[in-house]
Amino acid sequence: MTGLLHGQTPTSAWVDRWTHLLSAHSSVLDLACGHGRHVRHFASLGHRVTGVDRNPEALASLASIRPLCETVCADLENGPWPLLGRSFDAVVVTNYLWRPLWPHILASLAPNGVLIYETFATGNESVGKPSRPDFLLRTGELLSVCQPLRVVAFEEGFLTHPERFVQRIVAVREPSPAQPPMRYPLSN
C-alpha cells in the first residue's frame, strides 16, 4: 500500500466480501470514515453513503462523489451523537473502536440493516499499534455486543498482511415478525 494517497487504499477484504448483502440503492453509514475508501466503494455501487469523521480535510476529499455522499464532521468521542433519529440499511466501521458508541451504532440499523465491523483485537499490542487496551477488542467482544442481532459471520484471529490481530463481524437487525425474513446470500 506504499505510495497510495489517502482514500485510495483498497476496500477492506471483509467489507468487500459482505457488500452483496445490501439491497440496491441502500443507505450506508461509514463511521470514522477518514478519507473515505469505503464511502467511495459503496457510492461506486450506487448506494447513498453518509461518512462521519472528525477531520474536515479528510471529508473535503469526498466532495467529488456528491450527491451520493453526505459528509458529517463530528467528534464521535467528545461530542453528541450526530445522527440522532436516523437509521441506515448498513453501518460500516473499520479500524475504529469507541465503546460508548455501541448503543448508537446498533440503534442506527434499520430493520434488515447490516452491520459490517472490523477492527483491532487483543494481541495487536505484540505486533504494533494500536496497542492500548482501550482500542483493542477483548476476546469475543463483538459477539457480545451483537447479541440483539443475527450474526451472519464472525472471525477473530491474526492476519499476516499487514500483521495485525482483528475481530470482524457481519450481523443483521432482524425485521419485525410481520416482515418477511431476509435472505442472506453466501458466496461459494
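The values are calculated or read from the model by the stated rules, or taken from the named source; none is laboratory data. Predicted model, so just to flag it, every value in this text is computed and none were measured. Virtual Cβ from ideal backbone geometry, glycine too; neighbours counted across all protein chains shown.
Going by what's in this entry, would D89 be described as of a type in the set (D, E) and in contact with a Leu (Cβ under 7 Å, 6 or more places away or on another chain)?
The answer is yes for D89.
Out of W81, W14, report the one residue that is in contact with a Ser or Thr (Cβ under 8 Å, 6 or more places away or on another chain) and either at pLDDT 95 or above or surrounded by 14 or more Cβ atoms within 10 Å (Cβ to Cβ) (or both).
Criteria check complete, one pass: W14.
Quick one: which of S23, S64 is small (G, A, S), surrounded by fewer than 17 Cβ atoms within 10 Å (Cβ to Cβ) and not in a loop (DSSP other than H, G, I, E, B)?
Criteria check complete, one pass: S64.
Take the residues in the stretch 156-176 that are out of contact with any helix residue (DSSP H, G or I) (no Cβ under 9 Å at 6 or more places or on another chain) and closer than 11 Å to P111 by Cα; name whichever of them is modelled with the highest pLDDT.
Across the stretch 156-176, the extreme among qualifying residues is E174.
Give F88, F165, F135, F154 a once-over and let me know the one that is in contact (Cβ under 8 Å) with a residue 60 or more places away in the chain and in contact with a strand residue (DSSP E or B) (Cβ under 8 Å, 6 or more places away or on another chain).
Step by step, each of F88, F165, F135, F154 is checked, and only F88 is in contact (Cβ under 8 Å) with a residue 60 or more places away in the chain and in contact with a strand residue (DSSP E or B) (Cβ under 8 Å, 6 or more places away or on another chain).
Which of the following residues is touching a residue at least 40 places away in the same chain (Cβ under 8 Å), part of a loop (DSSP other than H, G, I, E, B) and farther than 23 Å from S26 by Cα: L97, L83?
None of the others qualify; the one that does is L97.
Say we look at the stretch 40-61 and pick out the residues that are assigned to a strand (DSSP E or B) and among the charged types (D, E, K, R); which of these is nearest to A90 (Cα to Cα)?
Taking the candidates together, the pick is R48.
Only one residue in S176, S144 is touching a Pro at 6+ places or on another chain (Cβ under 8 Å), loosely packed, with under 15 Cβ neighbours inside 10 Å and not in a strand (DSSP E or B), so which one is that?
Going through S176, S144 in turn, just one is touching a Pro at 6+ places or on another chain (Cβ under 8 Å), loosely packed, with under 15 Cβ neighbours inside 10 Å and not in a strand (DSSP E or B): S176.
Which condition number in (1) among the acidic types (D, E); (2) part of a loop (DSSP other than H, G, I, E, B); (3) touching a helix residue (DSSP H, G or I) at 6+ places or on another chain (Cβ under 6 Å) is the one that E118 fails?
It is condition (2) that E118 fails.
Determine whether the stretch 91-110 contains at least one residue that is touching a Gly at 6+ places or on another chain (Cβ under 8 Å), surrounded by 16 or more Cβ atoms within 10 Å (Cβ to Cβ) and either on the phi < 0 side of the Ramachandran plot or aromatic (F, W, Y) (or both).
Yes, the stretch 91-110 has at least one match.
Please list, ordered by first then second residue, the pairs with beta carbon atoms under 6 Å, 6 or more apart or interchain, first in the stretch 107-120 and closer than 21 Å to W81 by Cα, second in a strand (DSSP E or B) and small (G, A, S).
Taking only residues 6 or more apart or on different chains, the pairs are V114/A90; L115/A171.
Looking only at the stretch 17-55, count every residue that is over 13 Å from E70 (Cα atoms), in contact with a Gly (Cβ under 7 Å, 6 or more places away or on another chain) and among the basic types (K, R) and tell me the total.
Of the residues in that region, 1 qualify.
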